[in-house]
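Okay, so here's the structure we're looking at.
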Amino acid sequence: KQEVTQIPAALSVPEGENLVLNCSFTDSAIYNLQWFRQDPGKGLTSLLLIQSSQREQTSGRLNASLDKSSGRSTLYIAASQPGDSATYLCAVSGSDMRFGAGTRLTVKP
Amino acid sequence: DTGVSQDPRHKITKRGQNVTFRCDPISEHNRLYWYRQTLGQGPEFLTYFQNEAQLEKSRLLSDRFSAERPKGSFSTLEIQRTEQGDSAMYLCASSPALFGGPETQYFGPGTRLLVL
């Protein structure tokens, strides 16, 4: 059974800092990995999708990497802003889609 | 098209009542998914449809839960004889499944259910 773990569970940083969110998964037989953003009480917004054959994806200030063999992905956020405050979830797609519990990020002005 | 929509956004009900939620996916997306999310956790997969066919159901989907997608467009999720443990956010997502494999899923805003 696929287990997805995200560390840390919560993170608070001052505005402007670069930061890394971590995601690990136990079964490397995946099709892809996605990072989502979720604002309080809202649905999920897809940020980046990395296919199993890819190593990384970039979108603006976001960069996500995937190391399938070690079961790890990182989401790098450059020059963080207060608007980046949200919960970030990673999800792996294998036989179904499994989510981590998320990292709650607070960026202080 | 403005994305995946869900109705209602909030539902409060008494234990034992039946509730039904609706999801309208992005037009021409042939895959539709239902998830449940409790506070502080990531979404948990419940079921998914390819067009009108329900292809997979999680063990979380007890016999009190039923989902339909009769015409391959909108979907409904019904919970019968609700229990307090059913209180959660119910999320719907759709994807185009252009290449036959998993694709980016686009999520709706969710329906928050509270069972008293």
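Structure above, values below:
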item	result
For segment A:60-109 versus segment B:40-116, the gap between their alpha-carbon centres in whole angstrom	23
Shielding by other protein chains, B:83-91, mean Cβ within 10 Å	1
Phi to ³J(HN,Hα) by Karplus 6.51 cos²θ - 1.76 cosθ + 1.60 over segment B:103-116, Hz, x for Gly, Pro	10, 4, 9, 10, 9, x, x, x, 10, 8, 10, 10, 9, 8
Percentage relative contact order, segment A:28-109, counting C-alpha pairs under 8 Å, at least six apart	30
Cα-centred dipole magnitude for chain A, charges only on beta-carbon of K, R (+1) and D, E (-1), debye, nearest 20	80
Label-point separation, B:D63 to A:K1 (7 Å along Cα→Cβ), nm	2.2
Residue order, fewest to most surrounding Cβ atoms within 10 angstrom, among B:H10, B:H29	B:H10, B:H29
Mean separation of Cα contacts under 8 Å, 6 or more apart, over the residue count of chain B: relative contact order %	36
Contact order relative to length of segment B:1-46, as percent, for alpha carbon pairs under 8 angstrom and 6 or more apart	32
Nearest-20 debye value, chain B charge dipole, Cβ charges on Lys, Arg, Asp, Glu	460
Spherically averaged projected area of the protein assembly as shown from its Cα convex hull (nm²)	12.3
Linear extension gain, A:K108 paired with A:Q54, 0.36 nm per residue minus alpha-carbon span	16.1 nm
For A:A86, net neighbour charge (Lys/Arg +1, Asp/Glu -1) across residues whose Cβ lies under 13 Å away	+1
Bridge type composition, chain A - antiparallel percent by DSSP, nearest 5	90
Long pairs among A:K68/A:K108; A:K42/B:K11; A:K1/A:K68, criterion Cα-Cα beyond 26 Å	A:K68/A:K108
Packing-based exposure ordering (other Cβ within 10 Å, fewest first) of B:T82, B:T104	B:T104, B:T82
Ranked list, fewest to most other Cβ atoms within 10 Å of each Cβ, for B:T38, B:T111	B:T38, B:T111
Cβ-derived FRET efficiency at R0 35 Å, B:A97 paired with A:S70, nearest 0.05	0.75
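Values in this text are rule-based calculations from the coordinates and carry no lab data. Bear in mind the structure is a predicted one, so any value in this text is a computation, not a measurement. Cβ atoms come from the backbone with ideal geometry, glycine included; neighbour counts cover every protein chain shown.
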